[in-house]
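The values are calculated or read from the model by the stated rules, or taken from the named source; none is laboratory data. Quick caveat: nothing in here was measured; it's all calculated off a predicted structure. Please note: Cβ atoms are built from the backbone with ideal geometry, for glycine as well, and neighbour counts cover all protein chains shown. With ligands, DNA and RNA removed, areas are computed over all heavy atoms of the protein, side chains included. Shrake-Rupley method; radii C 1.70, N 1.55, O 1.52, S 1.80 Å.
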Amino acid sequence: MEISEVIENQSSEIIQIDLNKSICESESSANLHIHKEDHEDEEVREVEDDLVLIPAITEESTAKATNNGEEIYGWLVGETRASLTEIYNLYRQHAAGVGFSVRKEKQVRKVGTTQVTTKLFLCSTAGKRNTKLKKDQKQEKDELESLLTEESNTSVKKMKRKPRRVAVTRTDCNALIKAKLNDGGHYEIIQHVMAHNHPLTRQQWNHLHRSKRAMTVPKEQAIEAMHELGFRPSESFRYMSNEAGGEDAVGHSYKDHMNFCYKMKIKAIEGGDSQAVYDKLQDAYYEDPNFFFRIRLDKEGRVCNLFWRDSMMLEDYKIYGDVTVFDTTYRTNRYNLICAPFVGINNHWKNTMFACAFLGDEKTESFVWLFETFKKAMGDKSPITLFTDQDAAMARAIKKVFPTTRHRLCLWHLMQNAVTRFGVLKSDATFKAAFNKCLSGCLNEAEFNACWEAMVTKSESTNNAVGFRATKKTSLTEFYHIFQETIKRWRRTKDIDEFNTTKSIPTSHYPMTSLLKHAAQVYTHTLFRDFEEEFNLAVASQVQLIHTNGPKMIYRVYLEDRAGSPQSVMYDPPNEIIICPCKNFEESGWLCFHCIRVLHLHSVQRIPEKYISFRWTKFTKVEVWNKHEAQLKAKGLLNSFTPWRLHMLRKYYSLILKCHTIEEARKILEESYKKDSEVIQTIVTAASNNELNTTNTTTENENSVQVLDPAHANTKGKSKKRIPGSYDNFNKGKRRKHREFGSKTPKHLF
């Protein structure tokens, strides 16, 4: 078909008609035109008596409005509704059936009151674009820029930004409805102009109209919930589209969805990024009295250091605090703050968080503050062993704050340093094997020295475990959210492990001897596998009695063809004492195969009590769970693990499935929903007002703390400015001062 034929066919569907002689001539002309009213306080809009282009009008279109449930066709004059919102929704339904979008126009209020007496709702293409005003504004802006350029006497030419091209959507369409407050207190449509001077939208595109798109409160809440669960904006939109039955049924566009997610992100930090984090920490402290946090500000009031831990982290540290990993290798965020988590290992060999922190720099002073804060938060209990990377400032701070703590270097960092410093040797398999032997395969100092000389002559990272999804644009609030989600994920894994451990007993490939049965009863499943591996080596080992001294016996236990495996084990049966030079129990917490072989030789059926490390048993957190359940019972929440909203959601969803195919049942459900919504809205409004009054009263009594964001980091290139030192501060006559605040330290910790 030729283009001219298409245009001709399209034009044949549009006719010219005089508004004064069309559309129900029997009706009063007031129904087609807006005339001046007698009241001087009402605004007036007149429709010109010109000829306009409108779609062909039939008898069906001029008939009284008909409703098919979703769309309304026909004339709307005489329709009444209780509010202007209902009038607007009515016109939106009509627009959906005809094929255009709706917008609100100016309204008329009763003199001396806020009550709206008259309001217009127009076709979205009504009016014309005011291009003259925009041209005048642009001309004034260009003149001002040229004046400033002349005054600056600079030869640098500033590149002008190209103006954004926006398509014209206004066609001066006269279609509208006019609603007026009647004597009964309801709004009545007294005029409806159905003539349009533009092509109408096809049915499959109606969902793209602005008046058909809306971010309702339920949808906003659903998007916020998915955002908290880690859904990206595009993922949450695809999920909602799938649930609704397609993008055209969601009720908003992809662009609307992305805009809302951006506004939600900005709203979270509208008072300041650091201020938002402080508010979250303060709320957590109100909910959990044992929650602990500290914020350190610099002399300008900006956040330089941040630390927090909750009550469960404290309980975990009391049990698993013998080994703590402190890592500062991750610092990707918009402020270039150093991410510094304190991580431990639970009884299932899984990560557990002890505390979280952010540091502004890696100076000894900052580390001293952090370690002292950590020590105070943990009831003045220092970690037994602390694994860190090779940092001199950190080592000095550990020696000062934790003098009794064994400071060890993390194997992961040692491996990374080897990769970066050993050059071509890192590709040598022999060298790599020797280096790994030096790191973790030597049982004593002499063996290490021999291995090191032979090499010379010829844990997983904490931040990888945290699972960061951050960039250089990640805000402090988003980092806090990442940490909280990580903690939730780790605790969810721990709950699954605890459940499996309490509801089942591990099995073995070997016959379940008395020692293995006892190990399966007391250890977690993960630890049982480690004990089973030692038992396997014990079965394969050789044993010789080499010395006796009264009840004490010394055995030589070794594996054939394995260098470094022979050890002399001392066993005292009456006192149930067994000592091995390999120090596996002292280092790891379970017996080595040397000791197990001797115990098995003497037909010992149970692991001696003193050689069962409590931190690896199934009963590690029994007291913690009992205390937690007691707290829930006191609050009446012990059996309320499934939220009430989930119960009601299932009930209503089941009800919807039952009645969605029966029209009569649908009407009953919709009427009940409307009636219940009005009652509930009244109750919610009253409760919100009470809560607002309470919040205002509480806020007035509290001393609010204002914190500023850290300075944004310039990650592109290195600054040429000299870094000021301590001498500069002395010249200014004062040292750099810090201000610190946070939650109160619980007294029961000490």
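As a quick test, which of the pairs LYS265/LYS299; LYS106/LYS128; LYS350/LYS503; LYS488/LYS627; LYS517/LYS552; LYS119/LYS263 have an alpha carbon distance above 25 angstrom in this structure? Before the final figure, lay out the partial values.
On the way: LYS265/LYS299 29 Å; LYS106/LYS128 16 Å; LYS350/LYS503 19 Å; LYS488/LYS627 20 Å; LYS517/LYS552 27 Å; LYS119/LYS263 30 Å.
Those over the limit are LYS265/LYS299; LYS517/LYS552; LYS119/LYS263.
Ordering LYS106, LYS376 by how much accessible area each has at a 1.4 Å probe, largest first, what is the list?
Of LYS106, LYS376, the descending order of accessible area is LYS106, LYS376.
With every protein chain in place, what's the accessible area of GLU247 (1.4 Å probe, Å², nearest 10)?
120
With every protein chain left in place and a probe of 1.4 Å, what is the accessible surface of TRP616, to the nearest 10 Å²?
It works out to around 10 Å².
Quickly work out the ALA244-to-LYS610 label distance, labels modelled 7 Å from Cα along the C-beta direction, and quote it in nm with one decimal.
Rounded to a tenth, the inter-label distance reads 7.1 nm.
Considering the dipole of the range 565-688 built from charges on the beta carbon (Lys and Arg +1, Asp and Glu -1) around the Cα centre, which of SER677, PRO581, CYS595 is farthest to its positive end?
SER677
If each residue of separation counts as 0.36 nm, what is the full-extension length gain between GLN544 and SER654 once their alpha-carbon separation is subtracted?
Values: separation 110, 0.36 × 110 = 39.60 nm, distance 7.27 nm.
Result: 32.3 nm gained on full extension.
Expected output is a single nm value to one decimal: the length gained when fully extending between SER83 and ARG396, i.e. 0.36 nm times separation in residues minus the C-alpha distance. What is it?
My answer for the length gained is 105.5 nm.
What nm value, rounded to one decimal, do you get for the distance between ALA687 and THR405 when each label is placed 7 Å out toward the C-beta?
Here the modelled spin labels are 4.6 nm apart.
Find how much the distance from LYS255 to GLU228 grows on full extension, using 0.36 nm per residue of separation minus their present alpha carbon separation; answer in nm with one decimal. Kindly include the intermediate steps, with their values, before the conclusion.
Values: separation 27, 0.36 × 27 = 9.72 nm, distance 2.03 nm.
The span from LYS255 to GLU228 would gain 7.7 nm if fully extended.
For the residue pair ARG556 and HIS602, what label-to-label distance in nm results when each label sits 7 Å from Cα along the Cα-to-beta-carbon direction?
So the two model labels end up 2.1 nm from each other.
Order ILE683, ILE579, most accessible first, counting only protein heavy atoms with a 1.4 angstrom probe.
ILE683, ILE579
Sort TRP349, TRP590 by heavy-atom solvent-accessible area, probe 1.4 angstrom, most to least.
TRP349, TRP590
Beyond 25 Å between alpha-carbons counts as too far, so tell me which of LYS280/LYS381; LYS178/LYS212; LYS219/LYS667 fall in that bin.
In this structure, LYS280/LYS381 lie more than 25 Å apart at Cα.
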